[in-house]
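Chemist: Before we start, here is the structure in question, set down as structure tokens.
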Amino acid sequence: MRRRTVTAGNLDELLQMTDPAVQANEPVAAPPAAVPPPGQGQGLRTEFEFELPRGYVDEAGTVHRHGAMRLATARDELRPQIDLRVKENPAYLSVVLLSQVITRIGDITDVHAGVVERMYATDVAFLQDFYRRVNSEGHTRAAVTCPHCEGHFEVDLSGGRLGES
């Protein structure tokens, strides 16, 4: 088997070559769509709401805390590998990846790398953990232990008011 280098120009071609559905001329599934609100079906949940710890401050000074992130696709994880910014600085990978899977932050629906770059480090760390939980574990819950009573319980990391789960 011959190895090929992934470049911006041949990513689609390489992905199609490795997709058995494309090779067999079968229809290719569309990207995941937003999930209906709770109680309207038991389908696969592909979008997860979150609340940023600090919030993104836009150019007008408006703070945006609530947002949504969709499940990542294989293409989402491959694209940063050919991004020149990532090649120059591998730490930039998470900025590019997050900008692809965040569907909105407050009223902002055009979330690009520049938006993620201007976020507070606390929020970026939160989103990296949120991404890992959603894409690896399939949920946003975390088991925690109370430091005072040592009681065990679960919290939902997607946000909400203090004291709510």
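Chemist: Which ³J(HN,Hα) values in Hz, rounded to whole numbers, follow from the phi angles of the stretch 44-58 under the Karplus curve 6.51 cos²θ - 1.76 cosθ + 1.60, where θ = phi - 60° and Gly and Pro get x?
Modeler: Taking θ as phi minus 60°, the curve returns 5, 7, 10, 10, 10, 7, 8, 10, 5, x, 9, x, 8, 9, 7 Hz for the stretch 44-58.
Chemist: Work out how much length Arg104 to Asn89 would gain on full extension: take 0.36 nm times their residue separation and subtract the Cα-Cα distance, in nm to one decimal.
Modeler: Difference between extended and current length: 2.8 nm.
Chemist: Let me ask something else. If you put +1 on each Lys and Arg Cβ and -1 on each Asp and Glu Cβ, how big is the dipole of the stretch 46-156 around its Cα centre, in Debye rounded to 20?
Modeler: Dipole of the stretch 46-156, to the nearest 20 debye: 280 debye.
Chemist: While we're on this one: Could the peptides 83-96, 116-129 be put in order, highest first, of the mean number of other beta-carbon atoms found within 10 Å of their residues?
Modeler: 116-129, 83-96
Here, each number is a calculation from the coordinates, and none is a lab measurement. Please read all numbers here as calculations on a predicted model, not as lab measurements. Cβ coordinates were reconstructed from backbone atoms using ideal geometry, including for glycine residues, and neighbour counts include every protein chain displayed.
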